[in-house]
Amino acid sequence: MKTKIIIILLIQLFITQILHSAPELTITNKSNETLKFVVYPIGAIFNGAKKYDLNCVISGNYTYIFGGQKSGVTNNQSFILDQDGAPTANGEASIGYGKYRVVFYKLNSGYDSVNYCDINFSDADYPYTGDPYLIKDLNLEYYSSTNIKYYFGGGAVAIPSNKLIVSWDQRTSGNTNAYKTQNKNGFISSSTYPNWPINALTSGAVNHTYLNEVYVNLFLKDNGVNLVSNKTL
């Protein structure tokens, strides 16, 4: 009996480790085309400590939370990104709280942009630990330039017509309870970045648009913040 209990506990531990190690954003090529995936921020982004700061809190194969890119992606290969507010660090790049654009490129004579979608992680309650309906992991699947699907915990469905996916609305799972109101509170400034708005391009991001847009309530905690000339926030 004692041996059986130990085996059951080991199995449960193994399953728990698998669940906790799952990446938060996986973009997969389901076509026979060769693709490039590009992920970059739109507006203000926040790290795992919910600070207006580009530096990752969770150390992994990366330093910053502004996404990245992967080219030469063939059938059933993926670009894996961690969200800095969740307890994993095994991805190829990192994102944080905020809004990001995913651009899909197809290889012809060169890489041509064929479609995109936006993902909004601007919810302070993410990664929804203990929530019975919401999960942290989002999957995007590219079948063709006109057939891109996504899912959280249920079956894959087409990306919305407005091309915007939000983490707090996961009702694609078929569960009407997989939804909550966005929590915009709990985000603060960082003394590491006193000059606003922060431009991720200066730290090596592929792109960064609408720098002065903020999708949460930002609390000014540290003194000495300066607005960059001719910019608003």
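Things worth noting here:
- Residue within region 126-139 that is under 22 Å from Val214 (Cβ atoms), acidic (Asp, Glu) and surrounded by fewer than 19 Cβ atoms within 10 Å (Cβ to Cβ) present: no
- Output for region 64-93, where each listed residue is polar (S, T, N, Q) and at pLDDT 95 or above: Gln69, Ser71, Thr74, Asn75, Asn76, Gln77, Ser78, Gln83
- With respect to the conditions (1) touching a helix residue (DSSP H, G or I) at 6+ places or on another chain (Cβ under 6 Å); (2) without any contact (Cβ under 8 Å) to a residue 12 or more places away in the chain, Ala178 lacks only one, and its number is (2).
- Restricted to region 104-125, and to residues there that are among the acidic types (Asp, Glu) and outside any strand (DSSP E or B), the residue that is surrounded by the most Cβ atoms within 10 Å (Cβ to Cβ) is Asp123.
- The lone exception for Val166 - which of (1) closer than 22 Å to Ser31 by Cβ; (2) touching a residue at least 40 places away in the same chain (Cβ under 8 Å); (3) in contact with a strand residue (DSSP E or B) (Cβ under 8 Å, 6 or more places away or on another chain) it fails: (1)
- A single member of Thr74, Thr63 is touching a strand residue (DSSP E or B) at 6+ places or on another chain (Cβ under 9 Å), surrounded by fewer than 18 Cβ atoms within 10 Å (Cβ to Cβ), over 19 Å from Leu201 (Cβ atoms) and not hydrophobic (A, V, I, L, M, F, W, C), and it is Thr74.
- Pick from region 108-129, criterion β-branched (Val, Ile, Thr) and in contact (Cβ under 8 Å) with a residue 24 or more places away in the chain, ranking: nearest to Val157 (Cα to Cα): Ile119
- Test: Pro160 is surrounded by fewer than 16 Cβ atoms within 10 Å (Cβ to Cβ), in a loop (DSSP other than H, G, I, E, B), at pLDDT 95 or above and not basic (Lys, Arg): yes
- For region 126-156, the set of residues classified as in a strand (DSSP E or B), closer than 12 Å to Gln170 by Cα and of a type in the set (A, V, I, L, M, F, W, C) consists of Leu138 only.
- Cross-chain or 6+ apart pairs with Cβ under 7 Å, region 48-70 first and closer than 15 Å to Tyr126 by Cβ, then β-branched (Val, Ile, Thr) and part of a loop (DSSP other than H, G, I, E, B): Gly48/Val57; Gly48/Ile58; Ala49/Val57
- Any hit, region 174-191, residues being of a type in the set (A, V, I, L, M) and in contact with a strand residue (DSSP E or B) (Cβ under 7 Å, 6 or more places away or on another chain): yes
- Note on region 82-109: residues that are over 10 Å from the mean Cα position of the chain (by Cα), of a type in the set (Val, Ile, Thr) and within 18 Å of Thr209 (Cα to Cα) amount to 1.
- For region 181-192, residues that are among the β-branched types (Val, Ile, Thr) and either in contact with a helix residue (DSSP H, G or I) (Cβ under 6 Å, 6 or more places away or on another chain) or touching a residue at least 24 places away in the same chain (Cβ under 8 Å) (or both) total 2.
The values are calculated or read from the model by the stated rules, or taken from the named source; none is laboratory data. Worth saying up front: this structure is predicted, and the values here are computed from it rather than measured. Using ideal geometry, Cβ is built from the backbone for each residue, glycine included, and neighbour counts are taken over all protein chains shown.
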